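Read through the structure below, which is laid out as structure tokens, and then see the notes.
Bear in mind that the values in this text are calculations on the coordinates, not laboratory data. Since we're looking at a predicted model, the values are computed, not measured. Here the Cβ positions follow ideal geometry from the backbone for every residue, glycine too, while neighbour counts run over all protein chains shown.
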């Protein structure tokens, strides 16, 4: 498996881990005080605030970013672009997504937007390799 393919797995896993932070932090709460409800997770998410709400939003954005990244990697690989370059751009994307989550959780909007733009640019670069 190529590094880019491992990056696909990492990018697919990152949104789940992101919201997992919010879920884990609510495990200590009383059931009536916002504790994660596995029977009704979407209702639970509606009641979040602060960093937990931002973790949920970062999860959503992570899932929204996946189709472009997956397509970009697969198109570049199917075009037989140089694998090392594909791997580098894929790693850049994953690093940027991790930084995006950190910026989102820390509520640094402008930096978050710039990082998001870098992630999109890395996908465009992958498409351009094809």
Suppose each label sits 7 Å from its Cα in the direction of the beta carbon; what would the residue 128-residue 49 distance come out to in nanometres? 4.5 nm
In degrees rounded to 10, the 0-90 angle between helix 50-78 Cα long axis and the longest Cα principal axis of the chain is 20 degrees
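How would you rank 12, 7, going from fewest to most other Cβ atoms within 10 Å of each one's own Cβ?
Details: 12 14, 7 22.
Final ranking by Cβ density, sparse to dense: 12, 7.
Given the -39500 (n - 2.57) contribution per DSSP H run of 4+ residues, what per-residue ellipticity at 222 nm results for the chain, rounded to the nearest 500 deg cm²/dmol? Don't skip to the end; give the middle numbers.
Working: 5 runs with 103 residues, N = 130.
After summing the helix terms and dividing by residue count, I get -27500 deg cm²/dmol.
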Kindly express, to the nearest 10 degrees and within the range 0 to 90, the angle between helix 3-26's C-alpha long axis and the longest C-alpha principal axis of the chain. 10 degrees
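Within a 10 angstrom radius of the beta carbon, how do 87, 37 rank from fewest other beta carbons to most?
Exposure proxy ranking, most exposed first: 37, 87.
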According to the Kirkwood expression over distinct Cα-Cα pairs, how big is the hydrodynamic radius of the chain, in Å? 15.5 Å
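Among 44, 89, which comes first, then next, by fewest other beta-carbon atoms within 10 Å?
On the way: 44 19, 89 25.
Least crowded to most crowded, the residues run 44, 89.
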Rounded to the nearest 10, the angle in degrees between the Cα long axis of helix 109-129 and the longest principal axis of the Cα atoms of the chain comes to 30 degrees
